[in-house]
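Working notes, structure below.
The values are calculated or read from the model by the stated rules, or taken from the named source; none is laboratory data. Note that the structure is a prediction, hence the values are computed from the model and not measured. Methodologically, a virtual Cβ is constructed for each residue, glycine included, from the backbone with ideal geometry; neighbour enumeration extends over all protein chains shown. Surface accessibility is based on the protein's heavy atoms, side chains included, excluding ligands, DNA and RNA. Shrake-Rupley method; radii C 1.70, N 1.55, O 1.52, S 1.80 Å.
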Amino acid sequence: MTVIYDRVALIGLGLIASSMAHAMRQYGLVGEIVGHAKSAETRKIALDIGLCDRVCDTAALAVQGADLVVLCVPVGVMGDLAAEIAPHLAPGATLTDVGSVKGAVVEAVAPHMPSGVQFIPGHPIAGTEHSGPRSGFATLFQNRWWLLTPLDGADVAATARLRALCEGMGAHVDEMDVAHHDLVLAVTSHTPHLIAYTMVGVAEHMRRVSNSEVIKYSAGGFRDLTRIAASDPVMWRDVFLTNKDAVLDILGRFTEELFVLQRAIRMGDGEQLHAYFTRTRAIRRGIIEAGQDTAAPDFGRATVGGGEGKT
Ligand code: NAP
């Protein structure tokens, strides 16, 4: 592989940044990796495990001289960080982010961008329920989608270069409009997470079902919801606070569908339930055919590593 960027600065050193660091190094995509995270503890771990070539105490120091800067922090802090690093970005540098919501990030980050810096928002549709600098692995992005949402007038060469980096890490890249991204992700990721959080909350509140029974008999579907509901609370709080309109739109539709099924159950309308579940099964088959999951029994648990596609 050829080196695509000489120096990449990763701001935030959690799951996504550490996976990027492993992948960029393994596939020889960058010269030097510089990192920064908020806590001294994370910065020390990153140094100890050799995640970055250098770790800086401030984001401002980390971005100096970098030709690519990647914001890998929760969506809610991206604006403040952009303001902090803006005066220190190298002329000609590209700034991207990996946030799960795009509209709010663009609103918070774009106003701070100096002329001569290309801001190209992005979002890898890959993740696990784990976080922190030790949770990353080089293959997280393999065969996953990485969405770029270039703004009006974005530099074509800078976008192509970022695309090459994502593809070098094994991802497929698509470009789309910011608002469309937030609607699509509300359907495929954000609302499903909210439903998982809710169902796990329901089980927690059910006094007639003991905790030990919930754990013991969880393989009936609940277990898979608990994996999703174990996702990072800060990240997901920020997703719902910042993709409010799209999530509320999809939740409204979800509630309508739920009432349709509730009525079918009440009326004993087996034909309607069967037809509904037949349509939804076709969607699952489509996902497997598209290579975005495995058809192995039990969700491929015995054979697949940590990286189920997410967010
Ligand atoms: P993570 O593992 O929880 O790591 C977040 C990192 O951000 C930590 O290193 C944290 O530092 C750092 N951080 C937080 N506030 C900061 C600040 N003010 N200044 C500097 N560093 C700060 O998170 P992640 O899962 O990698 O997620 C990062 C981003 O990727 C989020 O925007 C999320 O929406 C997006 N994303 C996540 C997934 C997923 O499945 N996890 C998938 C796609 C996209 P400390 O450790 O010192 O607190």
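Here are a few things to note about the model shown:
- Any hit, the range 3-19, residues being free of Cβ contacts under 8 Å to residues at least 40 places away in the same chain and in contact with a strand residue (DSSP E or B) (Cβ under 9 Å, 6 or more places away or on another chain): yes
- The test for being within 16 Å of the ligand (Cβ to nearest atom), of a type in the set (Gly, Ala, Ser) and in a loop (DSSP other than H, G, I, E, B) holds for Ser231.
- Top-ranked residue in the range 123-164 [being under 13 Å from the mean Cα position of the chain (by Cα) and of a type in the set (Ser, Thr, Tyr); ranked as least open to solvent (accessible area, probe 1.4 Å)]: Thr128
- Any hit, the range 175-182, residues being among the small types (Gly, Ala, Ser), surrounded by 11 or more Cβ atoms within 10 Å (Cβ to Cβ) and under 29 Å from Val70 (Cα atoms): yes
- Lone unmet requirement of (1) within 11 Å of the ligand (Cβ to nearest atom); (2) open to solvent by 30 Å² or more (accessible area, probe 1.4 Å); (3) part of a strand (DSSP E or B) for Lys44: (3)
- Any hit, the range 73-84, residues being in contact with a Phe, Trp or Tyr (Cβ under 7 Å, 6 or more places away or on another chain) and either assigned by TED's automatic domain parsing to the domain that holds Arg163 or farther than 28 Å from Ala186 by Cα (or both): no
- Residue match in the range 13-26 (condition: open to solvent by 50 Å² or more (accessible area, probe 1.4 Å), within 10 Å of the ligand (Cβ to nearest atom), part of a loop (DSSP other than H, G, I, E, B) and out of contact with any Phe, Trp or Tyr (no Cβ under 7 Å at 6 or more places or on another chain)): no
- Listed by first and then second residue, the pairs with beta-carbon distance under 7 Å, at least 6 apart or on different chains, first residue in the range 194-214 and open to solvent by less than 70 Å² (accessible area, probe 1.4 Å), second modelled with pLDDT under 85 and not in a helix (DSSP H, G or I), are Ala203/Val209.
- Test: residue in the range 100-113 that is open to solvent by less than 20 Å² (accessible area, probe 1.4 Å), more than 17 Å from the chain's Cα centre (by Cα) and in the same structural domain as Asp48 (by TED's automatic domain parsing): yes
- Remark: Ala82 matches the filter, which requires a residue to be assigned to a helix (DSSP H, G or I) and more than 8 Å from the ligand (Cβ to nearest atom).
- Checklist (1) open to solvent by 40 Å² or more (accessible area, probe 1.4 Å); (2) within 16 Å of the ligand (Cβ to nearest atom); (3) among the charged types (D, E, K, R) applied to Asp224, failing item: (1)
- Close contacts from the range 264-286, counting a first residue that is of a type in the set (Ser, Thr, Tyr) and a second that is assigned to a helix (DSSP H, G or I), with Cβ to Cβ under 7 Å and a gap of 6+ residues or different chains, come to Tyr276/Leu261.
- Selection of the range 59-78 for residues being open to solvent by less than 10 Å² (accessible area, probe 1.4 Å) and either free of Cβ contacts under 8 Å to residues at least 12 places away in the same chain or in contact with a helix residue (DSSP H, G or I) (Cβ under 9 Å, 6 or more places away or on another chain) (or both) yields Ala59, Ala62, Val63, Leu68, Val69, Val70, Leu71, Met78.
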